[in-house]
Amino acid sequence: MRRMIIAGNWKMNGDRDLVRRIAERCSGAGVDGVDLLVCPPFPLLPAMAEQAPAGVALGAQDVSEYASGAYTGEVSTAMLVEAGCRYVLVGHSERRALFGDSNSRVAAKFAAAKGAGLIPVLCVGETLEERDADRTETVVAEQLDAVFDACGADAFREAVIAYEPVWAIGTGRNATPEQAQAVHAFIRKRVADRDAGVADSLPILYGGSMKPDNAETLLSCPDVDGGLIGGASLDPEAFLAIHACARPGG
Ligand code: PGA
């Protein structure tokens, strides 16, 4: 049975007070088979590493594809490991759309994360125009194939995929469970075509306006193995309410 992961992506939000409140609220919140992951901004990672209760994993929101050197403003995989991270998001749609992360750059970040022993959370998803033009599967396939080509299917053995339709992120308009399930099944099949064993154990999270009132139906889809939550992860009560909706095995 696949584990479920409920992940909070704080984006450029939060402060030490939120670290304290989330850490307190997550304490003792464990649900068997459901992992909690918190991805605050870089400067808050050490505080979260210090305060996070057992069972709450730490992740970063991005990483450099380079190991070290003259890359002003960048943060390396080794720095994330030292800060206590176990996970790192790569290819979030905001990085792709606003900061020029191409498919090949995302693949290089994925490879760097794997090389450092971090678990990459590869974010994929289509824009509204792409969905309307019936290009969802093509776009998601290209995003996945860039990583397959650079790293091989085996690299997905210790990795996570997050399907995040761009039109659902921060808009309050979530994908329906049917829409989410269809793309998640497509992703799993695409991975299974390369390696069925890897596909079977690969957690595929849904992201895009997941809230306590829509989490239960989204999380009960057979190929939805958790959520990547933006806005609602900034409210400890909402984040934990979503976590309480997750049941291992769908
Ligand atoms: P949202 O963001 O939950 O605020 O839509 C999700 C994400 O971008 O990871």
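Read-outs: derived from the displayed coordinates by stated rules, not from any lab. On a predicted model such as this, the values are computed, not experimentally measured, just so you know. Reconstructed Cβ throughout: ideal geometry from the backbone, glycine too, with neighbour counts over all protein chains shown.
Normalising the average separation of contacting C-alpha pairs (under 8 angstrom, six or more residues apart) by the number of residues puts the relative contact order of region 116-244 at 24 percent.
Note that the chain shows a convex hull volume over its alpha carbon atoms of 111 Å³ per residue. This model, with +1 at the C-beta of Lys and Arg and -1 at the C-beta of Asp and Glu, gives the chain a dipole about its Cα centre of some 380 debye. Estimated purely from DSSP H runs of n ≥ 4, each contributing -39500 (n - 2.57), the mean residue ellipticity at 222 nm for the chain is -12000 deg cm²/dmol once divided by its residues.
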